[in-house]
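Here the structure comes first, spelled out in structure tokens, and everything after it is commentary.
The values are calculated or read from the model by the stated rules, or taken from the named source; none is laboratory data. Note that the structure is a prediction, hence the values are computed from the model and not measured. Every residue, glycine as well, gets a Cβ built from its backbone with ideal geometry; the counts of neighbours run over all protein chains shown. Heavy atoms of the whole protein, side chains included, go into the accessibility calculation; ligands, DNA and RNA do not. Shrake-Rupley method; radii C 1.70, N 1.55, O 1.52, S 1.80 Å.
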Amino acid sequence: MKKNFYWKSLLNFLWVLIFILGFFYFSTALRDQHLTNSARFTKSKQQNDNNIKLTTPKVKALKTSKTASYIGKSSTEVLLDFGQPSATVGGASNIDWWLYNLNSQNYLKFGIDQYTKKVAAIFVIGSSPIQGKLKVGLTFKKLLRLTTLYANFKFNYREQAFQYELSETDLNQHPLISFKNGSYAVAYLKPKTKEVYALEYLNTDTLLKKNLYHLVAPVPLPAQYQGEVDWSQLQQMVPEDLLQLINAKRLQQNRTIISFDQNLTETASAVANKLAHNPQKWLKAKQARQLKNILSDNFNQRTGIFLRQSNLTKKQRKSLGVSQNDIRLWVIAPIYSSSKFFDQDNLLQNWINTFVESSHYRLGISYGHGVMVIISSKGEN
């Protein structure tokens, strides 16, 4: 009898012990979960209100704006509405750029497909009568009120299905917007303030060639570069185009415009020649090989080269002829259009700080075969 009482008491004790241990276990788990959720909520509240999170609903296209309506129109219609362009820039991507409103803050350019003679792209960096509610200078909050920024875009092109997956970085730096006529706009946001700094309107073909966003389950893309490239024309016009972009943005801020300095342009050309002749002297082995491929017109380069004077030793700077303290050196490759400076947040911020929001300086640029060398100086001639 005592034995049965002993085992019964022991069994009851074990049940009570299990219950107590279980109670403490679940209490601790619930408390940890609560703390985790609180931490997540606190972290979320502390994030910049400008940041946007990923969304995945079905994309609702915007009503086609006046600017977007020009995508797909013939070059003849552009001539009728805008007249002859102030200048033209041949492209390395089957597009001829027609430049309007040069030497003004309303600089505008149309990209005309070399084969179809239709508008494939439009680049806007200032106020323009053809802009609607979506326009340069729009604040991020107003942009979000105008349209939802989506993380996923599905579309068909030449009987093939494509899907873009935009990262949070994409959405906060260069979100993609679609219109009911099947065209798109990339809204380049100014770092920090996130206002719309530039707009690039594109047809589907040009959007795919741009290779700006991650393509889910990639399928063969349309060839980005075809035929012969007139490098002699691009050698002059790409730097001119970049200078127009810089000055348009400077004029928007009531700053003095910049012109090319002959001495610095010659220095930039000398640097370009030295890099082309012996790239491994200034670049790591992998980048040196990449530079050679770019200079050989191998357009299939997925990573870029961004070299500044701060990346070089004092001896290397002296060897390149840019050892002066007031000299600022940029080497960027591959680059086939001045809009490249808007693609990456850090590159755009550096571009704004160095060239747009800086006080007066001298500037020289050398360009050829996808490699651009920029030298600026606040020193005297």
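Summary of values
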item: For region 250-308, fraction of C-alpha pairs farther apart than 13 Å, in %; result: 70 percent
item: Accessible area of His214 in the full protein assembly, 1.4 Å probe (Å², nearest 10); result: 100 Å²
item: Heavy-atom SASA rank of Arg250, Arg317 (probe 1.4 Å, accessible area, largest first); result: Arg317, Arg250
item: Where labels lie 7 Å past Cα in the beta-carbon direction, separation of Asn278 and Asn156 in nm; result: 5.8 nm
item: Cα gyration tensor category, rounded, prolate or oblate, for region 336-381 with a/c compared to 1.5; result: oblate
item: Accessible area of Trp330 in the full protein assembly, 1.4 Å probe (Å², nearest 10); result: 10 Å²
item: Segment Lys180-Asn293, length gained on full extension (0.36 nm per residue, minus Cα span); result: 36.7 nm
item: Sequence of Thr67, Thr265, Thr116 from largest to smallest accessible area, 1.4 Å probe; result: Thr116, Thr265, Thr67
item: Length gained when the stretch Gln84-Asn263 is fully extended (0.36 nm per residue, less Cα-Cα span); result: 61.1 nm
item: Spin-label model distance (nm) - Ser69 vs Thr313, 7 Å beyond Cα toward Cβ; result: 6.2 nm
item: Over region 242-381: Rg over Rh, Cα atoms, Kirkwood Rh; result: 0.95
item: Stretchable slack from Ser358 to Lys192, in nm (0.36 nm times residue separation minus alpha-carbon distance); result: 58.1 nm
item: Shape call, region 165-293: gyration tensor on alpha carbons, a/c limit 1.5; result: oblate
item: Amide hydrogen neighbours beyond the local backbone of Trp97, cut-off 5 Å, H modeled; result: Val89, Gly90, Gly91, Ile112
item: Charged-residue dipole, Cβ positions (Lys, Arg, Asp, Glu), region 243-381 about Cα centre, Debye nearest 20; result: 580 debye
item: Gln163 paired with Ser323, simple spin-label distance in nm, labels 7 Å along Cα-to-beta-carbon; result: 5.8 nm
item: Furthest towards positive pole of dipole, Val356, Leu329, Phe260, structure part region 257-372, Cβ charges; result: Leu329
item: Met237, Met372, reordered so the largest accessible area comes first (probe 1.4 Å); result: Met237, Met372
